[in-house]
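Note sheet for the following structure.
The values are calculated or read from the model by the stated rules, or taken from the named source; none is laboratory data. Predicted model, so just to flag it, every value in this text is computed and none were measured. Neighbour counts are summed over all protein chains in view; Cβ atoms, including those assigned to glycine, are modelled from backbone coordinates with ideal geometry. Protein only, heavy atoms only, side chains kept; ligands, DNA and RNA dropped before computing areas. Shrake-Rupley method; radii C 1.70, N 1.55, O 1.52, S 1.80 Å.
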Amino acid sequence: MATLIRSKLSNVATSVSNKSQAKVSGMFARMGFQAATDEEAVGFVHCDDLDMEHRQGLQMDILKSDASEEGAEPPLEGDIHYQRDGTGPLPPSASKDEGICSELSGQGKPKITAWEAGWNVTNAIQGMFVLGLPYAILHGGYLGLFLIIFAAVVCCYTGKILIACLYEENEDGEIVRVRDSYVDIANACCAPRFPKLGGRIVNVAQIIELVMTCILYVVVSGNLMYNSFPNLPVSQKSWSIIATAVLLPCAFLKNLKAVSKFSLLCTLAHFVINVLVIAYCLSRARDWAWDKVKFYIDVKKFPISIGIIVFSYTSQIFLPSLEGNMQHPKEFHCMMNWTHIAACILKGLFALVAYLTWADETKEVITDNLPSTIRAVVNLFLVSKALLSYPLPFFAAVEVLEKSLFQDGNRAVFPNCYGGDGRLKSWGLTLRCALVVFTLLMAIYVPHFALLMGLTGSLTGAGLCFLLPSLFHLKLLWRKLMWHHVFFDVAIFVIGGICSVSGFIHSLEGLIEAYGSNIED
């Protein structure tokens, strides 16, 4: 009898589990599609609804009431809610502990192939910010080209060692995954004395990078529109204000499903734009200024170029989540190799060909050098792409801020910005609007694409891609490392630190000078 009861209970649990997975399979499929087609970084899209690896803030619970309870109404088919505190009722076939463990284990979550993961990484490091690379060649010459190759090699290596920090050897000598995110790695390095310090440092760096990315989108939108229609009586600042007015509804976003539907179109449009720019440059191959490519560097501006190049390769922050969602994690290293080799070749060719075409006339955003006949069309595509890409880092930054400051339980600095019904309170909406306005003010007072990109790359890009991965690798796995790994880690940390400090100082000086000139004007 007991065997029969256990068998029936097992069948019921399996049935409920299958139904639950069927209900959410469509959503996860869409999330997988977004992750495979998003333009700037799949990490932004993973913040859409569930990114338990990065945010640890959103948990999915299927609200299914027991029909036998008095006064209970059966939920609608497919009624799925995302609750930030994970307090939603669990399916009747599972206990609370079992339900949470099932969620955290990722059962029912479709895995992605190595090709899809490679598409994610490629989109992350081949975004529209490559338009600033020819400007880096302007101040770095052949050394700038070398840095494009060097940054690809280093970022590929640090991505691999960052993933290695997720694993440890168990008692049976097997390598098992014991961590899920960049934050977990950082916290493990600072434990036991400061168990939360590392995660906070990573979150601060991530917030800075996300907000600066939003600012760059506003800056590039104003810049492109102003240079596309120079005869109109509208200044670059005014174009930035118009762009921000279009972006203000981002403060009301609850998820990114609607925006992410355009991600594939944005990526294809960017690919077409790159092809058009290269095709135009090739049409002027006879006039290429090879003699302008120099072996010496501009000591004052070249450190800014380092930040620009590093920023164009940033992808480490979402690699742990990406590797955890691969069907075959062993293919991660191979995927990193071919994606960074491809990025290195494409970026180097694009930057060199564009610089050879315009030489000393190369501008911060290379499309501004195009003839007026095609510049407006190309720039309009880029502006549309920038505006559609803005919600992704904005929503990710909001998620991190809300989780850290407003939803961290008793340790939260401020009251919860969500009401009991899960709706955003009015003052929380005001803070979101303030963040949008902040990106506008920064874009107005410092409307310099290259300087902001260099500053971000030198500060957070170098930290997240060079310094922290090598430091964490040494801290967690130093006993098992070969001597050449130790040498590489130390060398990357030292070189990355020097480049980061130098680039940050020179970029900051440039921004101060630019701000002073704006005040005088």
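Which of the peptides 278-287, 354-363, 219-228 is most tightly packed, and how do the rest follow, going by the mean number of other Cβ atoms within 10 Å of each residue?
Per-residue Cβ counts within 10 Å, averaged per peptide and sorted highest first, yield 219-228, 354-363, 278-287.
Taking amide H as placed 1.01 Å from N in the peptide plane, the amide H of Met326 sits under 5 Å from that of Ile112, each at least 5 places away or on another chain.
At full extension, Ser372 and Trp427 could sit 15.3 nm farther apart than now, given 0.36 nm per residue minus the alpha carbon distance. Stretched out straight at 0.36 nm per residue, the stretch from Val176 to Arg284 would grow longer than its current Cα-Cα span by 33.4 nm. Between the listed residues Pro230, Leu216, Ile161, the Cα displaced farthest toward the positive end of the dipole of the stretch 97-235, a dipole computed from Cβ unit charges relative to the Cα centre, is found at Pro230. Rounded to a whole number, what % of the accessible area of the stretch 287-406 do carbon and sulfur atoms account for, probe 1.4 Å? C and S fraction of accessible area: 67 percent. Once the Cα-Cα distance is subtracted from the 0.36 nm per residue extended length, the Tyr167 to Ser238 segment shows a gain of 20.5 nm.
Note on the stretch 163-210: Kirkwood hydrodynamic radius from all Cα pairs is 11.6 Å, rounded to one decimal. Ranking Phe504, Leu477, Phe488 by how far each Cα lies toward the positive end of the dipole of the stretch 438-521 (charges on Cβ) leaves Leu477 at the top. The residue among Tyr313, Val293, His328 whose Cα reaches farthest toward the positive pole of the charge dipole of the stretch 287-328, with charges on the beta-carbon of Lys, Arg, Asp and Glu, is Val293. Computed from point charges on the beta carbon alone (+1 for Lys and Arg, -1 for Asp and Glu), the dipole magnitude for the stretch 183-310 about its Cα centre is near 180 Debye.
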